[in-house]
Amino acid sequence: MEQNTDLKIKNLHKSFGKNKVLNGIDFELKEGERVVVLGPSGSGKSTFLRCINWMEEPTSGEIYLDGELVTEKNVRRIRRNIGMVFQHFNLINNLTVMDNLILAPMKLKLMKRAAAEKRAKQLLKHIGLLDKADSFPASLSGGQKQRVAIVRAMMLSPEVLLFDEPTSALDPESIGDVLSLIRELADRGMTIMIVTHEMSFAKEIATRIVFIDKGKIIEEGTPKEFFSHPKTPRVKEFLKKVL
Amino acid sequence: MNDFFSKIGELFSTSSYIDSLLHGFLLTMQIAYFAILIGVFLGTIIALIDTAKPSKWLAIPKFICKVYTTIIRGTPMALQLFIMFFVIFAIKGFPSIITAILAFGLNSAAYTAEVIRGGILSVDKGQTEAGLALGLSRYTIFMKIVAPQAIKNIIPALGNEIITVIKETAIVSMVGMYDLNMAAKDIGSGQNMASYLVPMVVAALFYLATIYLITFIVQRVEKSLRKSDLRAEK
């Protein structure tokens, strides 16, 4: 079968009680791809992303990472390979920046403390926050928190990085910092999925755009196709409003 | 007024009165101490079951916990004490202090469970999600992330519960136990001082001093827990 498919999703459904949010999503993500998920609010794009690493347990459907079906039994191991960055950063409040970075690699016995700290310092230095290593998240700005959160996800060297509206809770100045860090990861060949409302960033960074409406993928294509020659009326209408 | 001070003099100079007060105080403290231990232990278990992710294994324990807290919180403490004394442990020669400790411990557990549950639920869901996304186990997430944050919210309310238990033990005098409250009544009775005012004021001061001390300790603990927040603001 396909050699370098990182992620494959078949007929994914998700309901919250009677509310059907995802209505059969089929999707594939290949290594090195950068997919931006767009759609109106309430379309299910965040839920889609959150189902991939079972932050929300799918109601039905199949998710494969490197050909392995994600189940309740192996989801913990699979999550190590799927990094996630949240809208509200979710740095662990009672741990310092350093401990936020080294907690998972150490607890999962992937690294010894010294090695984890060394790597954490390198990454913090890279994003210019080495002096914050011993600070608690409360003392960081939003942009700093999000960059630490991205670096925290990178500590586990995931195969795929999921971004759930990573800049929606940030001020304009911080948005730039966070986007340039994501851009840098992209340039280094990281496989990425992003749910975002930053259209120009989507256009710039995506290798593929996926448009979700009412819990289904209704259009996908390269940014050029998508933004210049939308096929469906729904996307035309959406683009008219947001551009 | 003169009479009041002479009565105080009489109370503190009569060793049998002092003995009675201290004995009563000791019993009050013993009941409260062990009841609080039981309450915190059992309350923690109930809260953990209650806040755990629903699963078929936990459905029945969760239901039992709900029924338990509903019954305990929905009926008077004094009635629960009577049921323990006159129904469940109506065994000749069974030590009444144990019955009392169990009655207050089982009661306090329901309230403590609510306090702990509230503390756990007050921790932002995103904190747990961060741990899950990193592949951590639920146990690690609880021990390293949720519990340390929940404790900050639990301590003040738990202090309140401790104070409530200490004061509420005074109703053991209703089943004839000689606690601080009962001692005050006994000393003031006709066969002894024949005046209730002074022994009751003194008993009140005993309670007050104890609770003041506990409030002080709880505040110190709170402060030291908040230090990590202060460090964070630097």
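Read-outs: derived from the displayed coordinates by stated rules, not from any lab. If you're wondering where the values come from, they're calculated on a predicted model, not measured in any experiment. Cβ coordinates were reconstructed from backbone atoms using ideal geometry, including for glycine residues, and neighbour counts include every protein chain displayed.
Taking the Cα centre of the stretch B:18-182 as origin, sum charge times position over the Cβ atoms of Lys and Arg (+1) and Asp and Glu (-1), and report the length of that vector in debye to the nearest 20.
620
Going by amide H atoms built from the backbone, whose H comes under 5 Å of the H on A:GLU219, apart from near neighbours?
Long-range HN contacts for A:GLU219: A:PHE211.
Gaussian network model of chain B, Cα springs within a sub-10 Å range: biggest mean-square fluctuation belongs to which of B:ILE88, B:ILE155, B:ILE211?
Top of the fluctuation ranking is B:ILE88.
Of A:LYS107/A:LYS203; B:LYS66/B:LYS227; A:LYS8/A:LYS45; A:LYS20/B:LYS144, which sit over 28 Å apart, Cα to Cα?
Details: A:LYS107/A:LYS203 38 Å; B:LYS66/B:LYS227 35 Å; A:LYS8/A:LYS45 16 Å; A:LYS20/B:LYS144 35 Å.
From A:LYS107/A:LYS203; B:LYS66/B:LYS227; A:LYS8/A:LYS45; A:LYS20/B:LYS144, over 28 Å: A:LYS107/A:LYS203; B:LYS66/B:LYS227; A:LYS20/B:LYS144.
For A:MET84, which sequence-distant residues (separation of 5 or more, or a different chain) have an amide H within less than 5 Å of its own amide H, given hydrogens modelled in the peptide plane?
For A:MET84, whose amide H was placed from the backbone, the distant partners under 5 Å are A:LEU162.
Near A:LYS118, which aspartates and glutamates are there with a Cα under 13 Å away, not counting those fewer than 8 places off in the same chain?
A:LYS118 reaches A:ASP99.
Which of the trypsin sites (Lys or Arg not before Pro) found in the stretch A:55-98 are in a DSSP loop and have at most 11 neighbouring Cβ atoms, other than their own, within 10 Å?
On the way: sites: A:LYS73, A:ARG76, A:ARG77, A:ARG79, A:ARG80; in loops: A:LYS73, A:ARG80.
Filter output for the stretch A:55-98: A:LYS73.
Give the residue from B:ILE46, A:SER15, B:MET143 lying farthest towards the positive end of the charge dipole for the protein assembly as shown; charges sit on Cβ (+1 for Lys and Arg, -1 for Asp and Glu) and the dipole is referred to the Cα centre.
So the residue furthest toward the plus end is A:SER15.
For chain B, set up a GNM with springs between Cα atoms under 10 Å and report which of B:ALA204, B:ALA113, B:ALA103 has the largest fluctuation.
Checking each option, the largest mean-square fluctuation is seen for B:ALA204.
Starting from the Cα of A:ALA114, step 7 Å along the direction of its Cβ; do the same at B:TRP57; then give the gap between the two resulting points in nm.
3.9
Taking 0.36 nm per intervening residue step and subtracting the Cα-Cα distance, what contour gain separates B:ARG138 from B:MET174 on full extension? Display every interim value, and only then the final one.
Values: separation 36, 0.36 × 36 = 12.96 nm, distance 4.61 nm.
The span from B:ARG138 to B:MET174 would gain 8.3 nm if fully extended.
What shape does the stretch A:39-142 have by the C-alpha gyration tensor, where a ≥ b ≥ c are the square roots of the eigenvalues, rounded means a/c under 1.5, and otherwise prolate means a/b greater than b/c and oblate the rest?
Numbers: a/c = 2.73, a/b = 1.54, b/c = 1.78.
The shape class here is oblate.
Run through the stretch A:18-61 and list the trypsin sites (Lys or Arg not before Pro) located in a DSSP loop whose Cβ has at most 10 other Cβ atoms within 10 Å.
Details: sites: A:LYS18, A:LYS20, A:LYS30, A:ARG34, A:LYS45, A:ARG50; in loops: A:LYS18.
Qualifying residues, ordered by number: A:LYS18.
So which chymotrypsin sites (Phe, Trp or Tyr not before Pro) in the stretch B:22-105 end up in coil per DSSP with only 12 or fewer other C-beta atoms within 10 Å?
Working: sites: B:PHE25, B:TYR33, B:PHE34, B:PHE41, B:TRP57, B:PHE63, B:TYR68, B:PHE82, B:PHE85, B:PHE86, B:PHE89, B:PHE104; in loops: B:TRP57, B:PHE89.
Here the sparse-neighbourhood loop sites are B:TRP57.
Out of B:GLY126, B:LEU79, B:ILE97, whose Cα points farthest toward the positive end of the dipole of the stretch B:18-182 (charges: +1 Lys, Arg; -1 Asp, Glu; placed on Cβ)?
B:GLY126
In whole Hz, with x marking every Gly and Pro, tabulate ³J(HN,Hα) for the stretch A:147-156 from phi via Karplus 6.51 cos²θ - 1.76 cosθ + 1.60, θ = phi - 60°.
These are the phi-based 3J(HN,Hα) values: 5, 5, 4, 5, 5, 4, 5, 6, 4, 8 Hz.
Helix B:15-51 versus the longest principal axis of chain B: what is the Cα-based angle in degrees, 0 to 90, to the nearest 10?
20
Under the classification rounded if a/c is under 1.5, otherwise prolate if a/b is larger than b/c and oblate if not, where does chain B fall, given a ≥ b ≥ c as square roots of the Cα gyration tensor eigenvalues?
On the way: a/c = 3.84, a/b = 1.76, b/c = 2.18.
Since a/c reaches 1.5 but b/c is at least a/b, the shape of chain B is classed as oblate.
For labels at A:LEU243 and B:ILE217 in the simple 7 Å Cα→Cβ model, what's the distance in nm?
A separation of 6.9 nm, rounded to one decimal place.
If you average the C-alpha positions of the stretch B:163-234 and of the stretch A:184-237 separately, how far apart do those two centres end up, in angstrom?
66
Can you run the Rg to Rh ratio on the protein assembly as shown? Use alpha carbon positions and the Kirkwood inverse-distance Rh. Display every interim value, and only then the final one.
Details: Rg = 30.8 Å, Rh = 26.7 Å.
Using Cα coordinates only, the ratio equals 1.15.
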